[in-house]
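I have placed the structure first, in the form of structure tokens, so that the comments after it can refer back to it.
The values are calculated or read from the model by the stated rules, or taken from the named source; none is laboratory data. Fair warning: this is a prediction, and the values are worked out from it, not measured in the lab. When we count neighbours, we look across all protein chains shown, and the Cβ atoms used for this are built from the backbone with ideal geometry, even at glycine. To get the accessible areas, we keep the full protein, side chains included, count just its heavy atoms, and leave off ligands, DNA and RNA. Shrake-Rupley method; radii C 1.70, N 1.55, O 1.52, S 1.80 Å.
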Amino acid sequence: LPSLLCLGDCQLQTPCQIQKCTADFVSLTSRLNAALKGFDLEFCKALRVYSACTYRNSKVCRGNLVYHSAVLGISDLMSQRNCSKDGPTSSTNPEVTHDPCNYRGQTEARGHQRGEKSPPPSYLFCGLFGDPHLRTFKDHFQTCKVEGAWPLIDNNYLSVQVTNVPVIPGSSATATNKITIIFKSYQDCTDQKVYQAVTDDLPAAFVDGTTSGGDGNAKSLRIVEKLSGKYVEMHARYIGTTVYIRQLGHYLTLAIRMPQELVMTYEESQDLQLCVNGCPSTERIDDTIHLPLPVMGQLLPQGGAAHPGSVYTLETAITKCHEKMLVKDIYFYSCVFDLLTTGDANFTAAAHSALQDVEALHPRKEHWHIFPSSGHGGMGKGSNFFVHLGLVCLILLAFL
């Protein structure tokens, strides 16, 4: 076989075209996978193309050593693979076979059709947790009110809607108690599938009772239950998308990774997507008007009494969050903020799990952590909520 690939040094003179014959054979066989069914059939087709090419060049290549080596090599390979001399042949410009329900395979096939090698798909991450805190596809971090139903994602392939309810009376703080996901029908890969989770009902199946979409064993869309009633994953191979949903305490969290090109496939009427454009400015907790007020080192809801059991001081909240998160990034700060705002220790686990989901799904490790002082990831004023805590912020810096 090495003699078959001798394309330069041992070539004598044109017009012998043995080089092109060999190059075409290498191109045809380089795309084959010996582990897949049908490899021998396709390899034999390529050999017949190679043999026919050498036959057409037999007169002009009569004195060419490469030509004679190729002829002998073809004969040996045909014997080894039990190839018949007569039979179907491969096209010299074959269509690349690919799984239409595998997103990565689709992108590679498009590259082959253009005659170039496609780079790996570019993925984006979005997450929602806690009070709620939103990390957009652009790595912007915001804390929002967004009470009621809001679209996180709404494009040509996927819709995700969350419903947020007040955590405690008299405060603007809300948290997610319902998530609805619609995987839109796509070619032969899956029919439309709807998933819905509410507090204390985190099913491991779609609304229609199925756990997967698509025919056969490929299961281009499937649900995997990781912890009964507490944690499920959804894997949509046909759109290269992964979704994590968790219940922590009385509220839900969501994390999603999706290819950038699919994220951007939406109409003008679908521009209200929190994961794409963030929360509307009127819904962001970005000044002291929207935040609870500090009183003697503790936080009280605006115009209301302290939440029952809300005994966290700044120091105890920092200590509690530090038990789960050693890095004092925005997830740590969110944990402290949520404890002081709600008094609910489950928000500590929510912030910790949200960071774990980032580490599992976010494609760029250097962007996992966002630090309030760095402005990293395009953090706008909506994310600088600790600056607006006034006295609380000064005390917090003293502890840090």
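Details
- Enumeration of residues in the stretch 268-282 that are surrounded by fewer than 21 Cβ atoms within 10 Å (Cβ to Cβ) and modelled with pLDDT of 85 or more: 272, 277, 280, 281, 282
- Residue in the stretch 28-46 that is at pLDDT 65 or above, touching a Cys at 6+ places or on another chain (Cβ under 6 Å) and surrounded by 15 or more Cβ atoms within 10 Å (Cβ to Cβ) present: yes
- Hey, residue 168 outside any strand (DSSP E or B), surrounded by 14 or more Cβ atoms within 10 Å (Cβ to Cβ), among the β-branched types (Val, Ile, Thr) and touching a residue at least 40 places away in the same chain (Cβ under 8 Å) or not: yes
- Restricting attention to the stretch 311-348, the residues that are at pLDDT below 90 and in contact with a Lys or Arg (Cβ under 6 Å, 6 or more places away or on another chain) add up to 0.
- If you filter the stretch 193-216 down to residues that are outside any loop (DSSP other than H, G, I, E, B) and at pLDDT 95 or above, you find that the one that is farthest from the chain's Cα centre (by Cα) is 201.
- Residue tally, condition open to solvent by 50 Å² or more (accessible area, probe 1.4 Å), under 24 Å from residue 352 (Cβ atoms) and more than 19 Å from the chain's Cα centre (by Cα), over the stretch 217-249: 3
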